[in-house]
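Novice: Here it is, the structure in full.
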Amino acid sequence: MKKAWLGAALLGCLSFGCGREELKMQSKVPSTATPDDNAAVASAAPTTPEGPPPPTKVGPITDTHIHLFTLPRSQPPMSDNGTFPGSSPSWLSMTSMVPDYESSAGGAWVDSMVVIEAVVGVPPSKMISANQWMLDQVQAEPKLLSVVGGLDVLQAPAAFKTQLDALAVDKHFVGLRIGGGDLITRGQIKANALANLTELGARGMMVDTLDTSGTQVAQLAKAVPTLRFVIDHLAQKSYDFDVPNDWKANLAAAAAQPNVYLKLSDTGRLNQGNRKDGWSTPYPSSADPADYAPVFEAAWSAFGEDRLMFGSNWPVSKVAGDFQTQILVLEAFLKDKGEEARNKVMNDNALKIYGPRP
């Protein structure tokens, strides 16, 4: 009788809750359970999973580099005839939009994202609509911070200004991405390029630079000191963990100009190493922060906490696994730099550069 009464009382506590005194009273009822009964109860108790706890978010994160597109691009909703990603392998040749990003490992940790142009192959007649499509995504998705668009900075300044006027109505249009190497011939900045970059600077805008060396960016930044330059993807760093002297010299040349910033983006591709084919078949990324530390330290030494920013390069980053690993290894590097420095690199610097214009 006593055993049955105790079982019923405990069941009632689990279902409806008991006060501390009620539990004390119930605990005084002598137990008639046998050793075999106790062993059976112990064997049925849940066990704690072995291994380290799953990783968690450290603090606020802004991803300064994602691309969005629907396929085929010749059809609605884009209808811009862009050729990216074109005949890329299957892991990239698929519609890539915000819900796809957020469902990726690491996506739920990110508080805001910057849309970077992907206007390769877009004809001039569709260039404004291609940029407007990106701006429409920012209006529809609260986590999208801004757009870095694409326009021809070598066109006549009057035509460039007309296009810029059409897009700059939206404060979320914060700048352009350019291929800096195309703007310089025999050491000289092309005249139209200089005039159009100066126009961007006068409007308080910025530029991302693609496939541009640190020395080339330094020349552009010195010529247009009112314009902020952000170098993408570790300034043409080779896809390995080496830290060559010529790359460090390029970083130093760019960092000497106070209006130049560096994006710690696409770092998963440092794992490509000696792979002959680093594109058609995805490969895993090392999760060991020590592998990345020499590269990160070289960038830190050149630019410091105020001019570095995190970026994933999603969905291109999928070639080297998930970008959660990119976040984790960078967080590990920043852990010893202090919370303030960490927040600058992972979030605050990005908000200053890519936040909507006043």
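Novice: Would you be able to say whether some residue in region 121-134 is buried (at least 20 other Cβ atoms within 10 Å of the Cβ), of a type outside the set (D, E) and within 26 Å of M346 (Cβ to Cβ)?
Specialist: Checked region 121-134: at least one residue is buried (at least 20 other Cβ atoms within 10 Å of the Cβ), of a type outside the set (D, E) and within 26 Å of M346 (Cβ to Cβ).
Novice: Which residue, of L210, L145, L200, is within 28 Å of N81 (Cα to Cα), at pLDDT below 95 and in contact with a strand residue (DSSP E or B) (Cβ under 8 Å, 6 or more places away or on another chain)? Break it down into steps so the answer makes sense when it comes.
Specialist: On the way: L145 fails: at pLDDT below 95; L200 fails: at pLDDT below 95.
Residue meeting the stated conditions: L210.
Novice: Can you work out which of the residues in region 60-115 that are aromatic (F, W, Y) and assigned to a loop (DSSP other than H, G, I, E, B) is nearest to Q139 (Cα to Cα)?
Specialist: Our first condition is that a residue be aromatic (F, W, Y); within region 60-115, this holds for 69, 84, 91, 101, 109.
Subsequent filtering for residues that are assigned to a loop (DSSP other than H, G, I, E, B) retains 84, 91.
On the way: F84: 23, W91: 28 Å.
Among them, the one singled out is F84.
Novice: Next question, about the same structure. Return the pairs, sorted by first residue and then second, in which the second residue is polar (S, T, N, Q), the first residue lies in region 189-213 and is farther than 24 Å from P356 by Cα, the beta carbons are less than 7 Å apart, and the residues are 6+ apart or on different chains.
Specialist: Sorted first by the residue in region 189-213, then by its partner, the pairs are I189/Q219; N192/Q155; D211/Q236; S213/Q236; S213/N250.
Novice: Among the numbered criteria (1) in a strand (DSSP E or B); (2) more than 30 Å from V169 (Cβ to Cβ); (3) not hydroxyl-bearing (S, T, Y), which one does F310 miss?
Specialist: Every condition holds for F310 apart from (2).
Novice: Still on this model: Looking only at helices (runs of 4 or more DSSP H) that lie completely in region 319-358, which have at least 1 residues being closer than 13 Å to W300 by Cα? Show your work before the answer.
Specialist: Numbers: elements: 323-334, 339-343, 349-354.
Per the criteria, 323-334, 339-343.
Novice: Any idea which of (1) among the aromatic types (F, W, Y); (2) closer than 20 Å to F310 by Cα; (3) surrounded by fewer than 22 Cβ atoms within 10 Å (Cβ to Cβ) is the one Y101 doesn't satisfy?
Specialist: The one condition Y101 does not meet is (3).
Novice: Could you tell me which of the residues L251, L262, L270 is in contact (Cβ under 8 Å) with a residue 12 or more places away in the chain, over 19 Å from D208 (Cβ atoms), in contact with a helix residue (DSSP H, G or I) (Cβ under 9 Å, 6 or more places away or on another chain) and not small (G, A, S)?
Specialist: Values: L251 fails: over 19 Å from D208 (Cβ atoms); L262 fails: over 19 Å from D208 (Cβ atoms).
On inspection, the qualifying residue turns out to be L270.
Novice: Sticking with this one: So which residues in region 136-184 are of a type in the set (G, A, S) and in contact with a Gly (Cβ under 8 Å, 6 or more places away or on another chain), if there are any at all?
Specialist: Taking region 136-184 as the starting set, the residues that turn out to be of a type in the set (G, A, S) are 140, 146, 149-150, 156, 158-159, 166, 168, 175, 179-181.
Of everything in region 136-184, those that are of a type in the set (G, A, S) and in contact with a Gly (Cβ under 8 Å, 6 or more places away or on another chain) turn out to be S146, G149, G175.
Novice: Sticking with this one: Take G180 and decide whether it is buried (at least 17 other Cβ atoms within 10 Å of the Cβ), closer than 23 Å to V115 by Cβ, of a type outside the set (K, R) and in contact (Cβ under 8 Å) with a residue 40 or more places away in the chain. Quick ask: steps written out before the conclusion?
Specialist: Values: buried (at least 17 other Cβ atoms within 10 Å of the Cβ): yes; closer than 23 Å to V115 by Cβ: yes; of a type outside the set (K, R): yes; in contact (Cβ under 8 Å) with a residue 40 or more places away in the chain: yes.
Yes, satisfied.
Novice: Go through region 273-298 residue by residue and tally those that are out of contact with any Asp or Glu (no Cβ under 7 Å at 6 or more places or on another chain), outside any helix (DSSP H, G or I) and not basic (K, R). First the steps, then the outcome.
Specialist: As a first pass, look at region 273-298 and keep what is out of contact with any Asp or Glu (no Cβ under 7 Å at 6 or more places or on another chain): 274-298.
Cutting the leftovers down to outside any helix (DSSP H, G or I) gives us 274-288.
Keeping just the survivors that are not basic (K, R) gives 274, 277-288.
Number satisfying all stated conditions: 13.
Novice: Go over the candidates V243, V224 one by one and state the one that is under 25 Å from G338 (Cα atoms), over 21 Å from the mean Cα position of the chain (by Cα) and at pLDDT 95 or above. Full working, then the answer.
Specialist: Values: V224 fails: under 25 Å from G338 (Cα atoms).
Testing whether each residue is under 25 Å from G338 (Cα atoms), over 21 Å from the mean Cα position of the chain (by Cα) and at pLDDT 95 or above leaves just V243.
Novice: Please work out if S286 is within 26 Å of P89 (Cβ to Cβ) and either basic (K, R) or buried (at least 19 other Cβ atoms within 10 Å of the Cβ) (or both). Full working, then the answer.
Specialist: Numbers: within 26 Å of P89 (Cβ to Cβ): yes; either basic (K, R) or buried (at least 19 other Cβ atoms within 10 Å of the Cβ) (or both): no.
The answer is no for S286.
Novice: Only residues in region 142-159 that are closer than 18 Å to L197 by Cβ count as the first member; pair them with residues that are β-branched (V, I, T) and part of a loop (DSSP other than H, G, I, E, B), Cβ under 6 angstrom, at least 6 apart or cross-chain, and list the lot.
Specialist: As it stands, the answer is G150/V119, since those pairs meet every condition given.
Novice: Mind telling me which of the residues L270, L251, L262 ends up being modelled with pLDDT of 95 or more and not in a helix (DSSP H, G or I)?
Specialist: Numbers: L270 fails: not in a helix (DSSP H, G or I); L251 fails: not in a helix (DSSP H, G or I).
Matching residue, one of L270, L251, L262: L262.
Novice: A further question follows. Can you give me the number of residues within region 200-232 that are out of contact with any helix residue (DSSP H, G or I) (no Cβ under 8 Å at 6 or more places or on another chain) and not in a loop (DSSP other than H, G, I, E, B)?
Specialist: So the answer is 5.
Novice: Please find, within region 135-157, the residue that is surrounded by the fewest Cβ atoms within 10 Å (Cβ to Cβ) out of those that are among the polar types (S, T, N, Q) and in a helix (DSSP H, G or I). Write out each step before concluding.
Specialist: Kept after step one, since they are among the polar types (S, T, N, Q), are these residues of region 135-157: 137, 139, 146, 155.
If we keep only those that are in a helix (DSSP H, G or I) as well, we get 137, 139.
Working: Q137: 16, Q139: 10.
Of everything passing the filter in region 135-157, Q139 is surrounded by the fewest Cβ atoms within 10 Å (Cβ to Cβ).
Novice: On the basis of being closer than 21 Å to V148 by Cβ, among the polar types (S, T, N, Q) and in contact with a Phe, Trp or Tyr (Cβ under 6 Å, 6 or more places away or on another chain), does S317 make the cut?
Specialist: Working: closer than 21 Å to V148 by Cβ: yes; among the polar types (S, T, N, Q): yes; in contact with a Phe, Trp or Tyr (Cβ under 6 Å, 6 or more places away or on another chain): yes.
Yes.
The values are calculated or read from the model by the stated rules, or taken from the named source; none is laboratory data. Since the model is a prediction, treat every value here as computed from it, not as a measurement. Positions of Cβ are backbone-derived with ideal geometry, glycine not excepted, and every protein chain shown enters the neighbour counts.
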